[in-house]
Structure formats: C-alpha cells, structure tokens
Amino acid sequence: MIPCFVTFFLTLLVCGLLSKQCTIDMAGYFEEMGFEELQEGQQANHLLDMARFLIDFGFYNEDIIGEWPKLPPPASREVVLSLPEITIEGNDKSCPICLKAFSNGEKAKEMPCHHQFHAKCILTWLDKTNTCPFCRYELPTDDEAYEAYRKDKKRKEQRQEDIETLHNSMFS
Ligand SMILES: [Zn+2]
Ligand SMILES: [Zn+2]
C-alpha cells in the first residue's frame, strides 16, 4: 500500500513540474477517462483510480510491480551534488522534464547519460528516485537494500551471459 502512495505522489509531483498547462490537461484527462462524479451514497475508489492513472502514465510496468516493488530510491546525495553544470550551446535543446527550450548560454545539469535538465527540474526528481526520467539510466543510491538488489540482478545477468557464451562456443 505504501509504495503505491509513494508512486502516486511522484506522479503528481512530475505533473506539478510539468507546469500549470498540465493541470488543465489533467482535468481533461479525468473527463476523457470517464471518471464520473459520485452519486449520493457512493464511495470513491481512490486506489482503483490511482491504478488506472499509473497505467496510463506508463508508471505501471514490470519494473515497478516486478522484483523491486516501487520506484527505485533517491539518488545518492553525494552523486547528485557532483553532477556537472554545463552551459547550453545553441537554441535547439529543451529540458525533457518541463519541456521548456533552453536558451543559448543557459546553465544546465548533465546526467552521466548526457541528458541535460534544468537544475531545479532534475534535482527535484533525483530527490525521489535515482533514474534518468528520459532514458532510465540509474545513478547510485544510498539505499543499501536497493544496491544489494541491483548487484544481485547484475550478477544474475552476467551469469546468464556467461552461460550463453559457453553454450555458443560449444555448439558453433
Ligand atoms: Zn526543466
Ligand atoms: Zn538519460
């Protein structure tokens, strides 16, 4: 239950970040989805609405309901503080979070995956989860349990790769 609320909160947060325009669209979204006003005596099924909302926004994929049952934890404080500040060149780039165009010479933060964001946009996001919202590149976290899970996942993938390599070398 708690991870569900956390995820929902994050979704709202992202929408908040996406400026007022989004708030207007959200009203339209609920209308479009056929969410109706409650009749007298009816109870709101918030969880169900939340689930539908998450599915529609792509938050409800295997990554989240699979092995790690929630969004990954916040990025490591230290790593976030050391993200380089870069100067935007040209007028053709925009911040993937708020979608506002960068102006030439504007300062931005760059993730190791080379995606560039307004400092405020990406820092708020990384305070909630460690993953690049654009490409899902994961920054290290300060969460020991999550890091152990990640290490284990990597080890399993490596083992699978080794088995395949061995298999290929034996049968080709
Ligand atoms: Zn931005
Ligand atoms: Zn990225």
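If you stretched the chain out fully between E40 and A145, how much longer would it get, using 0.36 nm times the residue separation minus the C-alpha to C-alpha distance? All intermediate terms of the calculation are to be shown ahead of the outcome.
Values: separation 105, 0.36 × 105 = 37.80 nm, distance 4.61 nm.
Contour length minus the Cα-Cα distance gives 33.2 nm.
Between D127 and S94, how many nm apart are label points set 7 Å from Cα along the C-beta direction? For the pair D127/S94, the computed spacing is 2.5 nm. Inter-label distance, I86 to F171: 4.3 nm, where each label sits 7 Å from its Cα along the C-beta direction. Measuring between alpha carbons in the structure, the pairs from K93/K120; K100/K153; K120/K153; K100/K154; K93/K151; K93/K128 lying more than 28 angstrom apart are K100/K153; K120/K153; K100/K154; K93/K151.
Spherically averaged projected area of the convex hull of Cα atoms, the stretch 77-126: 3.2 nm².
Where a number appears in this text, it was derived from the coordinates with a stated rule and is not lab data. Worth saying up front: this structure is predicted, and the values here are computed from it rather than measured. Using ideal geometry, Cβ is built from the backbone for each residue, glycine included, and neighbour counts are taken over all protein chains shown.
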